[in-house]
Every structure is written in structure tokens, then in C-alpha cells.
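The values are calculated or read from the model by the stated rules, or taken from the named source; none is laboratory data. This one's a predicted model, so the numbers in the text were calculated from it and none came from an experiment. Neighbour counts run over all protein chains shown; Cβ positions are idealised from the backbone, glycine included.
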Amino acid sequence: MRTLRNLMTIALVTIVLGCATTGPGGKKSLIVIPTSYEVAIGQGMAEQIRQQETILQDSVWQNYVTEIGQRIVEVSDRQGIEYHFAVIESDQINAFAAPGGYIYFYTGLLKIMDTEAEFAAVMAHEISHIVARHSIQRIQAAMGAQLAYQLVFGDEGAGEALNAAIGIGMNLAMAGYSRDAEREADEYGVIYMKRAGYHPDATVNMFQSLAEAGGGGERNVFEDLFASHPQTQERIANVKKQIDGMKPLPDTLTRGRDKFQQMLSRLN
Ligand SMILES: [Zn+2]
């Protein structure tokens, strides 16, 4: 009986909170875990990432990543949380977002890019995952109703449930998102790029660089994408179509090659 009551409460809370939650472009999504817990899970994950990975200790890069990140956040559909950006020293060609506003870039990924706009394309894509709450959705689904209830309403069980959620988040962090989630992040990434004053076609260049790095365009290494994800060529085609629909694009949009090359020269 208790389980049934819990499930009914979850269902009710899902309806109430779900209506208050918006994704990119003001879309509704069903998320029972409130923002405060999403941020707490992200914080817990960030602590583990700090212990497991080598965070690049370069204040020039740190400021640069934060500056570009904030530029995109300001034009995004999710403000009101604090965003944190960091660079991980690793040859892996990857980037990822933890729930609640934590975004990471591997130096391996930065090195295959050419312009600031390409970097901003990945940034906008990752911010879109946070705006759409893709990570917390996955964590919530993996937690199940009982554990999610314990997290949100539990007294003594809450700390335990939070740790469980952080563990689930860490396991899911590199597992890749659903095709729909990737499509949504691609689509909003392009919109945010343009709003932030970047040439959105840098998204295409970024995908092409990733395709080359991933080997013949068949396998996309972005977020360690698996076979279930839209292939790079399909994503490129979607993004190109979206950008065509935005034309004519203003002349003021930038690519920022010089600054980015200068930043790259700081990496070993
Ligand atoms: Zn993604």
C-alpha cells in the first residue's frame, strides 16, 4: 500500500512540477526532481569529476570558457541557475554536461577545432542539454519512482538517495543521450549560436571535424555517441537545413578564428 501511495504522490507531483518546468523554447517536460536537487546532484558529480579528472589549471582558459559560456547562457531559455565551466586535460575528444549547469570540455576536443564559433557550437549544444534537463530526466528515469520519492520527500533517506542519484548520474554521464535529446540539443544549439552573435554554420564545421576525428564520418565521438545515435551525416544534414531556413543571416555574425588560435597555443 505504501508503495502505491508513493507512486500516486509521484504522479501528482510530476503533474504539478512538470507544468512548472520548461525546456528549450518553453517546452514542457515531466520532471519530478526540483531544480534545487538537480543542482545538488550536479554539485556532487562535479566533486567526483574534480577527483577523477585533471582539471586544466589555467586562469586564462578558465576565464575564456566562462566568458563564452555566459554569452550563450544569456541568450538561452534557462537562467536562474549558476553555470560552471571547466576544461579537462585529456586526449579524449569529448564534452559533456552534468545536471544543474556543470559543463566540461576535454582538451582533445578543443584541439581539433579551428574557431571560437566551433567551440561555441559545442558550448551551445551542451547548454541546450541543461536547458532541456536531459541529464536529470535520465537520472530520474534510472532512479525509479521509489528512490525519486525518497530524494524529494524522504527525511533520513534523502542523503542516501542523493548519493544514489549522484552515482547514477556519473554512470550515465558518458553514456550518450537519446536520438531525440541529441536532435533537440543540436537544434537549440544552432538557435543560441545565432542569438549570441556566432555564425551558426560553425556547427557544421564542428561536426565535420568530429567526423574526421571519429574515422570516415561513420562514428561520432561527440559525447561518446553509440550506434543508437543519429549518425554525424544525418546531424549535419539536419543542421544545414535549419540554417538554410534562417537565411539571410546578418553580416555581423562572427567566427573568431584569431582569438581561438591564440588560446589553442596555450595548450600543450
Ligand atoms: Zn549532446
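Values computed for the structure shown
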item: Of residues in region 192-206 being in a helix (DSSP H, G or I) and without any contact (Cβ under 8 Å) to a residue 60 or more places away in the chain, the one nearest to the ligand (Cβ to nearest atom); result: VAL204
item: Residues satisfying the stated conditions in region 1-59, i.e. modelled with pLDDT under 65, in a helix (DSSP H, G or I) and of a type in the set (Val, Ile, Thr); result: THR3, THR9, ILE10, VAL13, THR14, ILE15, VAL16
item: Matching residues, region 108-135, being over 14 Å from ALA213 (Cα atoms) and either more than 13 Å from the ligand (Cβ to nearest atom) or assigned to a loop (DSSP other than H, G, I, E, B) (or both); result: THR115, GLU116, ALA117, GLU118, PHE119, ALA120, ALA132, ARG133
item: Unique residue being under 30 Å from LEU162 (Cβ atoms) and hydroxyl-bearing (Ser, Thr, Tyr) when the list is TYR102, TYR64; result: TYR102
item: First in region 94-113 and without any contact (Cβ under 8 Å) to a residue 40 or more places away in the chain and closer than 11 Å to GLU126 by Cα, second anywhere and more than 15 Å from the ligand (Cβ to nearest atom) and among the aliphatic types (A, V, I, L, M), Cβ under 8 Å, 6 or more apart; result: ILE103/ALA86
item: Flag for ASP91 being away from the ligand (no atom under 13 Å from the Cβ), closer than 22 Å to PHE207 by Cα, assigned to a loop (DSSP other than H, G, I, E, B) and touching a residue at least 60 places away in the same chain (Cβ under 8 Å); result: no
item: From GLY189, GLY176, residue being within 13 Å of the chain's Cα centre (by Cα) and modelled with pLDDT of 95 or more; result: GLY189
item: Total residues in region 136-185, condition within 16 Å of the ligand (Cβ to nearest atom) and of a type outside the set (S, T, N, Q); result: 17
item: Meets criteria (buried (at least 17 other Cβ atoms within 10 Å of the Cβ), under 23 Å from VAL39 (Cβ atoms) and within 16 Å of the ligand (Cβ to nearest atom)) for TYR188; result: yes
